[in-house]
1. Within the range 52-67, restricting attention to residues that are within 15 Å of the ligand (Cβ to nearest atom) and either free of Cβ contacts under 8 Å to residues at least 24 places away in the same chain or of a type outside the set (A, V, I, L, M) (or both), which residue is surrounded by the fewest Cβ atoms within 10 Å (Cβ to Cβ)?
2. Can you confirm whether residue 103 is modelled with pLDDT under 95 and among the acidic types (Asp, Glu)?
3. Among the numbered criteria (1) surrounded by fewer than 17 Cβ atoms within 10 Å (Cβ to Cβ); (2) acidic (Asp, Glu); (3) in contact with a Pro (Cβ under 9 Å, 6 or more places away or on another chain), which single criterion is violated by residue 145?
4. With respect to residue 128, determine if the residue is touching a residue at least 40 places away in the same chain (Cβ under 8 Å), of a type outside the set (Val, Ile, Thr) and outside any loop (DSSP other than H, G, I, E, B).
5. Among the residues of the range 89-111, is any part of a strand (DSSP E or B) and more than 16 Å from the ligand (Cβ to nearest atom)?
6. Search the range 134-156 for residues that are closer than 17 Å to residue 18 by Cβ and pair each with any residue that is of a type in the set (D, E, K, R) and at pLDDT 95 or above when their beta-carbon atoms are under 6 Å apart and the residues are at least 6 apart or on different chains.
7. Only one residue in 179, 206, 166, 185 is surrounded by fewer than 18 Cβ atoms within 10 Å (Cβ to Cβ), within 16 Å of the ligand (Cβ to nearest atom) and aliphatic (A, V, I, L, M), so which one is that?
Amino acid sequence: MIKIGVLPFNPFQENTYVVSDHTGECVVIDAGNYSVREDNALTNYIHDAGLRPVMAINTHGHVDHILGVDYVKRTFGVPFALHGDDRFLVESAPQHGALYGFDVKSVPEVEIDLKGRSEVTFGDTVLKVIHTPGHTPGHVAFYEEKEKILFTGDTLFRESIGRTDLPGGDYSWIMKSILEKLIPLGDEVRFYPGHGPQSTIGHETLYNPFVVEVINGEVKC
Ligand SMILES: [Zn+2]
């Protein structure tokens, strides 16, 4: 059984996930901790649960998702994994962040390129890496096949989808990613998005207006 800690951080209420298994190893997905208080909340969660982080991994490179990555790297001595096509977003995070009032002091170095990598592992757990471009060019989802748990980042939300009007975004691509790569994983798959509450793929095929209008042929993508 994998265990998922959900920690909404920073003014964008970005969901940082600490995913662990029975071995005590864990990964931190989309570390968005921004204040000392949030840094402490993340560290306390990890310490209280007796976990050992092995990697910081990201669904994409937007500033609200990387604010805490450098802290995680420094505190736990772990590498950072990101799809290379989102490297430009991490590198421009100080300028991009300033537009939203974030003071990005340090840009985390990317040690592991998820481009062309089919999975990442920790403990006895395998997370499949699924390239889901559209919100950003290098966006990926992480999928734990045995328990059917999916981390969708900002591609798919409960009853919504990610923005495609930001640099590198593309509506047609995000819909293709959702319809061809995420929906086929199956109705029973539970997903944890980058913002807001969890949902299931089945729920989205019925109630997500962006998905439903394409499935019904009302909108072309
Ligand atoms: Zn984003």
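The values are calculated or read from the model by the stated rules, or taken from the named source; none is laboratory data. The structure presented is a predicted model; accordingly, all values stated were derived computationally and were not measured. Cβ coordinates were reconstructed from backbone atoms using ideal geometry, including for glycine residues, and neighbour counts include every protein chain displayed.
1. This residue is 64.
2. Working: modelled with pLDDT under 95: yes; among the acidic types (Asp, Glu): yes.
Taking the combined requirement at face value, the residue satisfies it.
3. The failed condition is (3).
4. The answer is no for residue 128.
5. Taking every residue of the range 89-111 in turn, none turns out to be part of a strand (DSSP E or B) and more than 16 Å from the ligand (Cβ to nearest atom).
6. Going by the 6 Å Cβ cut-off, the qualifying pairs are 149/190.
7. Just a single option satisfies the conditions, and that option is 166.
For every residue, the table says whether it meets (1) of a type outside the set (Asp, Glu); (2) within 23 Å of residue 103 (Cβ to Cβ); (3) surrounded by fewer than 20 Cβ atoms within 10 Å (Cβ to Cβ).
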position: 3; (1), (2), (3): yes, no, yes
position: 10; (1), (2), (3): yes, yes, yes
position: 28; (1), (2), (3): yes, yes, no
position: 33; (1), (2), (3): yes, yes, no
position: 38; (1), (2), (3): no, yes, no
position: 47; (1), (2), (3): yes, no, yes
position: 50; (1), (2), (3): yes, no, yes
